[in-house]
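Before any comments, here is the structure.
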Amino acid sequence: MDAIIEQIKSLAKDADDITRKTIIDQLREVFISLETAQDAMQRISYSHLQSILVRVGCDLKLFDLLTESKEPVTVDQLAKKTGAAPILLGRILRYLASVGTVKETGKDTFAANNITIYLTNPGIQSAVYHNVDTLGPAMAVLPDFLAEIKYQDFTDSSNTPMNKAWKTDLPPFLWLQTKPENHAHFNRFMEAQHQGMRQWLDVYPIEERFQNMGPEQVAFVDVGGGIGHQAIALRQRLPHLKNRIIVQDVEAVIAHAIPHEGVEATAYDFYQPQAVQGARVYYFRNIMHDYSDDKAILILKNTIAALGHDSVILIDDMVLPDSGVHRHATQVDLTMMAVMASRERTAQAWYELMEKAGLKIQCIYTYTQSLRDSILECVPVRAM
Ligand SMILES: C[S@@+](CC[C@H](N)C(=O)[O-])C[C@H]1O[C@@H](n2cnc3c(N)ncnc32)[C@H](O)[C@@H]1O
């Protein structure tokens, strides 16, 4: 067994991301195939505890404290630093070690492992807070919600498990604006969600797309671009580009946009006509997956009306395969269902949506392995 483990580790050591993820998935299949009913019951029925206890670990700054320390740290030392009772803290740490988020080095003594270090990243911490605090209540009412609607499809984003849980009629993005702390975690999570992974700019020929622009033409409009991370990433990738780069979002988000001299941040509601005319690229990342087809078409039509003869729309979203969808993608798909009454789309669903919106998909560039994040390059179907 030890020899097999060493072999797997050496195989993974210099592997690229695709090979590494394939190894994890194959090992996971083996792991599940070995489980008894008891093992499966333990894994499945307690799975919610992991994110909840990691959130407690973030509250107590346990991951930061363990990562900062050069030496393993005792429960008593951590209790002094956090103010938590030693027995309670020891039980929390024992659980966190048992699920691999910290390392137990001896009796009542803990140290950081690779996961502990990842959990010090503020964006990853925000992902945990967002999933536990904002989405957790929605997931808790999902079974009752589905039973009440007799397990039918639903597309009204004002009537979702999220609305039921939070007792609000507001669509999620308006509701988030009433909860500044939840909203801040969401924005940081959006910024961090693809950190360390292949980026769309690694595969899409953006420099080619920007050829032959006049000095006045806007190069790039990131519609619903959050606090501007993608627009900034583009500016950093192409520092010589002279043309304007704009990020648009609702006022409450633009107020927190990351300041950058090469990116203009402006408030814009994508249900209104697009004010920036004839830009070379209108980019939508993780926007269409928030909406059912009818709303996505409304948003797209507002942009189509602003397109110039050489403009393109780039949609950055998942393109799911017809079968064998990875769990990283299925879990986002069901989150979109519970929160937004929307879905992730297969290639066929994208072609159908774009046809209804009056757009043609020219090419699809898939750039991540498990999530199947892809750029769909679209142009209007022009009357002949
Ligand atoms: C899933 S997030 C994606 C953010 C960013 N594009 C990214 O990929 O990180 C959706 C974004 O759409 C914005 N949004 C929601 N409704 C909007 C509206 N009516 N007009 C403009 N932006 C909106 C939200 O504030 C949020 O930043």
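The values are calculated or read from the model by the stated rules, or taken from the named source; none is laboratory data. This is a predicted model, so every value here is computed, not measured. Here Cβ is always computed from backbone atoms with ideal geometry, including for glycine, and neighbour counts include all displayed protein chains. Each accessible area value is taken on the protein alone, full model and side chains, heavy atoms only, with ligands, DNA and RNA left out. Shrake-Rupley method; radii C 1.70, N 1.55, O 1.52, S 1.80 Å.
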- Note on the structure: Pro205 vs (1) free of Cβ contacts under 8 Å to residues at least 60 places away in the same chain; (2) within 15 Å of the ligand (Cβ to nearest atom): all pass except (2)
- Leu314 being outside any loop (DSSP other than H, G, I, E, B), at pLDDT 95 or above, hydrophobic (A, V, I, L, M, F, W, C) and open to solvent by 60 Å² or more (accessible area, probe 1.4 Å): no
- Could you count how many residues in region 130-158 are part of a loop (DSSP other than H, G, I, E, B) and under 23 Å from Ala296 (Cβ atoms)? 8
- Query: Say we look at region 229-246 and pick out the residues that are more than 16 Å from the ligand (Cβ to nearest atom) and within 18 Å of Val276 (Cα to Cα); which of these is modelled with the lowest pLDDT?
  - Reply: Lys242
- Restricting the search to region 283-309, which residues are acidic (Asp, Glu) and open to solvent by 40 Å² or more (accessible area, probe 1.4 Å)? Asp294
- Message: Quick test of your reading of the structure: Ser33 fulfils all but one of (1) among the small types (Gly, Ala, Ser); (2) open to solvent by 70 Å² or more (accessible area, probe 1.4 Å); (3) in contact (Cβ under 8 Å) with a residue 60 or more places away in the chain. Name the failing condition by number.
- Response: (3)
- Which residues, counting only those in region 235-251, are hydrophobic (A, V, I, L, M, F, W, C) and either touching a strand residue (DSSP E or B) at 6+ places or on another chain (Cβ under 6 Å) or surrounded by fewer than 16 Cβ atoms within 10 Å (Cβ to Cβ) (or both)? Ile245, Ile246, Val247
- Query: Consider Ala257 against the criteria (1) within 14 Å of the ligand (Cβ to nearest atom); (2) in contact (Cβ under 8 Å) with a residue 60 or more places away in the chain; (3) in a loop (DSSP other than H, G, I, E, B): it satisfies all of them except one. Which criterion is unmet?
  - Reply: (2)
- Task: Check region 112-134 and report whether any residue there is open to solvent by 60 Å² or more (accessible area, probe 1.4 Å), over 24 Å from Gln195 (Cα atoms) and either outside the structural domain of Pro172 (by the TED database) or touching a residue at least 60 places away in the same chain (Cβ under 8 Å) (or both).
- Result: no
- Quick check: is even one residue across region 208-224 more than 16 Å from the ligand (Cβ to nearest atom), in a helix (DSSP H, G or I) and open to solvent by 40 Å² or more (accessible area, probe 1.4 Å)? yes
- Query: In region 78-89, is there at least one residue being open to solvent by less than 40 Å² (accessible area, probe 1.4 Å), of a type in the set (Val, Ile, Thr), in contact (Cβ under 8 Å) with a residue 60 or more places away in the chain and in the same structural domain as Ala111 (by the TED database)?
  - Reply: no
- Between a first residue in region 182-202 that is farther than 22 Å from Leu376 by Cα and at pLDDT below 95 and a second residue that is hydroxyl-bearing (Ser, Thr, Tyr) and more than 9 Å from the ligand (Cβ to nearest atom), which pairs have beta carbons less than 6 Å apart while being 6 or more apart in sequence or on different chains? Arg188/Ser126; Phe189/Ser126
- Query: Is it the case that some residue within region 266-280 is of a type in the set (Asp, Glu), more than 9 Å from the ligand (Cβ to nearest atom) and not in a helix (DSSP H, G or I)?
  - Reply: no
- Task: Filter region 159-178 down to residues that are assigned to a helix (DSSP H, G or I) and either modelled with pLDDT under 95 or open to solvent by less than 50 Å² (accessible area, probe 1.4 Å) (or both), then give me how many there are.
- Result: 10
- Query: For region 96-106, which residues satisfy the criterion of being touching a residue at least 40 places away in the same chain (Cβ under 8 Å) and surrounded by 17 or more Cβ atoms within 10 Å (Cβ to Cβ)?
  - Reply: Leu96, Thr101, Val102
- Residue check, Glu355 against (1) open to solvent by 20 Å² or more (accessible area, probe 1.4 Å); (2) touching a helix residue (DSSP H, G or I) at 6+ places or on another chain (Cβ under 9 Å); (3) of a type in the set (Asp, Glu), all met but one. Which one? (2)
- Query: Can you name every residue in region 360-384 that is among the polar types (S, T, N, Q) and closer than 15 Å to Leu201 by Cβ?
  - Reply: Thr366, Thr368, Ser374
